[in-house]
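Right, one structure below, let's go through it.
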Amino acid sequence: MNQRLFFALWPDPGVRARLAELGERARQCCGGRRTTDDKLHLTLAFLGDVPTPRVDELVALTQRLSGPEGTWTLDRLGHFPRGGIVWAGSEAMPDGLLRFQAELWVSLATLGYTPPRREFRPHVTLLRQARRRAPEAIATGSLPLAWPYRRAALVHSVIEGTGRRYVTLAQTHAPDQ
């Protein structure tokens, strides 16, 4: 049996609420299916289907890691045509977050995981199956949005009916702990 796993940053409730509002404005403008509030996150590393016996080593790895810590400022909307994805992201990522993501993959490589070939494009998916791009004007009042973060999580994407539910399996410890 396998578990679909990824590493992510979760927004705090205030950031989540503002992202949800932005997602709803985007949906009204572009159509599509809005990401539910409880699934709004930044994926740092997608592992895919992992054999259940290997999950414990990933939990242990996660618990050994520190951070990341900082603030990510979301300042733009974007669009991935494949899947009609409308997303919130930034022109520039904090160096510390980029460094953490790269170091995470180095740690994962010691367990046999291979990083993706494509460049890390940090974003939060707001909509799927949008019929058109979201105009920047809908972000007025929502962006820029400061997202403070202190730890990352190992997450299990559990199939539930016709959808998925996300369950945090482990978290990194905060940098000052």
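The values are calculated or read from the model by the stated rules, or taken from the named source; none is laboratory data. This one's a predicted model, so the numbers in the text were calculated from it and none came from an experiment. In this analysis, Cβ positions are derived from the backbone assuming ideal geometry, glycine residues included, and neighbour counts consider all displayed protein chains.
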| query | If only one of Thr62, Thr71, Thr125 is buried (at least 18 other Cβ atoms within 10 Å of the Cβ), in contact (Cβ under 8 Å) with a residue 40 or more places away in the chain, part of a strand (DSSP E or B) and touching a Phe, Trp or Tyr at 6+ places or on another chain (Cβ under 8 Å), which one is it? | reply | Thr125
| message | Quick check on my filter: what residues within segment 107-128 are among the β-branched types (Val, Ile, Thr) and more than 18 Å from Leu19 (Cα to Cα)? | response | Thr110, Thr114
| task | Could you tell me whether any residue of segment 79-86 is modelled with pLDDT of 95 or more and under 15 Å from the mean Cα position of the chain (by Cα)? | result | yes
| Do you know which residues across segment 105-124 are under 23 Å from Val55 (Cα atoms), modelled with pLDDT of 95 or more and under 16 Å from the mean Cα position of the chain (by Cα)? | Trp105
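Quick grid of which residues meet (1) farther than 27 Å from Thr36 by Cα; (2) hydrophobic (A, V, I, L, M, F, W, C):
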position	(1), (2)
Gln101	no, no
Ala109	yes, yes
Thr114	yes, no
Pro122	no, no
Thr125	no, no
Arg128	no, no
Arg133	no, no
Glu136	no, no
Gly141	no, no
| Only one of Trp87, Trp105 that is closer than 19 Å to Thr73 by Cβ and either part of a loop (DSSP other than H, G, I, E, B) or of a type outside the set (Ser, Thr, Tyr) (or both) | Trp87
| message | I'd like to know if segment 37-56 contains one or more residues that are surrounded by 14 or more Cβ atoms within 10 Å (Cβ to Cβ) and over 25 Å from Glu160 (Cα atoms). | response | no
| request: Could you grab the pairs with beta carbons closer than 8 Å, sequence gap of 6+ or different chains, first residue in segment 77-100 and under 17 Å from Gly31 (Cβ atoms), second one part of a strand (DSSP E or B) and polar (S, T, N, Q)? | output: Ile85/Thr125; Val86/Thr125; Trp87/Thr125
| Does segment 12-19 contain at least one residue that is free of Cβ contacts under 8 Å to residues at least 60 places away in the same chain and either part of a strand (DSSP E or B) or of a type in the set (D, E, K, R) (or both)? | yes
